[in-house]
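Report on the structure given below.
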Amino acid sequence: MAKITKLEDIVSLCKRRGFIFQSSEIYGGLASCYDYGPLGVELKNNVRRAWWKSVVQMRDDVVGLDCSILMHPMVWKASGHTDEFADLIAECRKCNVRTRVDHLAEHPEEHTEHIALDAAMTRTHDLSNKTCPNCGAVGRFTEPMPFKLMFETRMGANVDDSMTLYLRPETAQGIFANFRNVLDSTRVKIPFGIAQIGKSFRNEVTTKAFIFRTREFEQAELEFFCKPGTDDQWWNTWKELRFNWYVDLGIRKENLRLREHDTDELAHYAKACVDVEYKFPFGSGDWQELEGIANRTDYDLRQHQRGMRTLNRWFESKGDVTKIDLAADAQDYQSGPLSYFDDENKQRYIPYVIEPSAGIDRSALAFLVDAYDEEEVRGETRNLLRFHADLAPIKVGVFPLVKKDGMPEIACNIYDHLKKYFNCFYDEKGAVGRRYRRQDEAGTPFCITVDGQTKEDTTVTVRQRDSMEQVRVSTDNLLTHIRERLEV
Ligand code: GAP
């Protein structure tokens, strides 16, 4: 039975072993920004790869994209982010620290995250008996106010013609903006999906829980386009597929659940949404969102179709692009450039979209937490990460038992051969028991040791991380032996 992990254990292991560091640490750090170290970057690459393999590579109905982070400001106007992407916050009059109102709620179901600014202002929130999580003052909060989450930047060298842009708060809009390009350049037919992994940015109010909520993070998003009427069925399909992805990569089922959103919690674009939640070792109630699977209906394509038309009108009138009223252009444009023509049924429609949207950093944290274990071995504590082999940053450690008698040369040859196939690590420093422990802590599934017997019969020991069981394997058979067990 694995130990219940504390977040501090994970943070400490991540720093000690080079998984994750605070950004700009030499200057005191930058709040809620993190850097991935040598082991962390391998873990993160593996999480990305596992997602891409499952969502794109193994499917015949999904293609990939890699869009730029900076996009035309009309994208965010049309998507609703310019007007509606905000958290409701209140400021403590004593310490001036701002807190999300939903984080003060007694009932976590009172949701005020990512809400429409108008809706935020019409709700009443009694904060008179609420305690400030920063300084402990009671009843000192200001009236709630919306706080916009998109980071602004400016593009262009000339003052006169530079314009305000946003760092994208989700990767999804790059996919919608390229819907027509993908239709015209590939042979995809509905139902089909477009997937993307990339950085997103949000000026989050509350951060703290390590890499769980950061201001710069990576998303893995799929927009799956389907015929209206088939959306509920596809939503159920993706719920199941995405839940199983985490289980197949080693997360224990008892630490995962699906939770459907209440209507007042739904994002402005969603008809329905279910979260895959993981039992993280922090926060109120522990269960926290890993991924959302939303039914975005035809909202985005319809909005962009309106946006394209409105922009054309704006070119004629020259106004402030962010003040454009899309509602004034409320026709449906069922036949516009972002519609789809179904050859078989001779029908034109705007497809519905099912969107599984995962966080790469958040998933990496869940995989770290779930894999972390401590156990007593011969009176000593063994820390280990029981990673699924696909996620393990290093697949094989290679050691000579001692630094003499030709053992390092044989071990180096094995290492040079195996590193062509998987990420390996060569280590000849210190007692072999310590080297095993270091690899256990890095989550390395196998360690190979060259010893005195190797010269006699060309066998080495292969030690398995979880069971610590050691078997002798002929060097000729080593690649096959490891490959079969790693299933690569
Ligand atoms: N396109 C839909 C969308 O962006 P979301 O629920 O806001 O939906 C999807 O984000 C996923 O992105 C979340 O489930 C989470 O894994 C990740 N995510 C969102 N905000 C994050 C943050 N500030 N830090 C780390 N991950 C975040």
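Listed by position, the strands (runs of 3 or more DSSP E) contained in region 356-474 that have at least 2 residues being touching a Lys or Arg at 6+ places or on another chain (Cβ under 7 Å) and touching a residue at least 60 places away in the same chain (Cβ under 8 Å) are 372-377.
Counting only residues that are more than 12 Å from the ligand (Cβ to nearest atom) and part of a strand (DSSP E or B), how many does region 214-258 have? Selection size over region 214-258: 6. Do we find a residue being at pLDDT below 95, among the acidic types (Asp, Glu) and under 23 Å from Gly40 (Cβ atoms) anywhere in region 381-398? Within region 381-398, none of the residues are at pLDDT below 95, among the acidic types (Asp, Glu) and under 23 Å from Gly40 (Cβ atoms). Which one is surrounded by the fewest Cβ atoms within 10 Å (Cβ to Cβ), of the residues in region 336-367 that are aromatic (Phe, Trp, Tyr) and away from the ligand (no atom under 16 Å from the Cβ)? Here the answer is Phe341.
The set of residues from region 170-182 being surrounded by fewer than 19 Cβ atoms within 10 Å (Cβ to Cβ) and either in contact with a Phe, Trp or Tyr (Cβ under 8 Å, 6 or more places away or on another chain) or hydrophobic (A, V, I, L, M, F, W, C) (or both) comprises just one member, Val182. Reported count of residues in region 269-288, each being away from the ligand (no atom under 11 Å from the Cβ) and assigned to a loop (DSSP other than H, G, I, E, B), is 8.
For Ile190, state whether it is aliphatic (A, V, I, L, M) and more than 11 Å from the ligand (Cβ to nearest atom). Even if it seems obvious, please write down each step before you answer.
Values: aliphatic (A, V, I, L, M): yes; more than 11 Å from the ligand (Cβ to nearest atom): yes.
Considered against the rule, which asks whether it is aliphatic (A, V, I, L, M) and more than 11 Å from the ligand (Cβ to nearest atom), Ile190 comes out as yes.
Looking only at residues of region 143-158 that are within 16 Å of the ligand (Cβ to nearest atom) and in a loop (DSSP other than H, G, I, E, B), we find that the one that is surrounded by the fewest Cβ atoms within 10 Å (Cβ to Cβ) is Phe151.
Picking from residues in region 17-26 that are farther than 16 Å from Ala209 by Cα and without any contact (Cβ under 8 Å) to a residue 60 or more places away in the chain, the one that is surrounded by the fewest Cβ atoms within 10 Å (Cβ to Cβ) is Ile26. Only a single criterion out of (1) buried (at least 17 other Cβ atoms within 10 Å of the Cβ); (2) within 11 Å of the ligand (Cβ to nearest atom); (3) outside any loop (DSSP other than H, G, I, E, B) is not satisfied by Lys199, namely (1).
Checked against (1) basic (Lys, Arg); (2) buried (at least 20 other Cβ atoms within 10 Å of the Cβ); (3) modelled with pLDDT of 95 or more, Arg306 passes all but condition (3).
Just a yes or no: is a residue in region 159-169 within 9 Å of the ligand (Cβ to nearest atom), under 23 Å from Asp87 (Cα atoms), surrounded by fewer than 19 Cβ atoms within 10 Å (Cβ to Cβ) and within 16 Å of the chain's Cα centre (by Cα)? Checked region 159-169: no residue is within 9 Å of the ligand (Cβ to nearest atom), under 23 Å from Asp87 (Cα atoms), surrounded by fewer than 19 Cβ atoms within 10 Å (Cβ to Cβ) and within 16 Å of the chain's Cα centre (by Cα).
The values are calculated or read from the model by the stated rules, or taken from the named source; none is laboratory data. In this text, all values refer to a predicted model and were calculated from it rather than measured experimentally. All Cβ positions, even for glycine, are placed from backbone atoms using ideal geometry, and neighbour counts span all protein chains on display.
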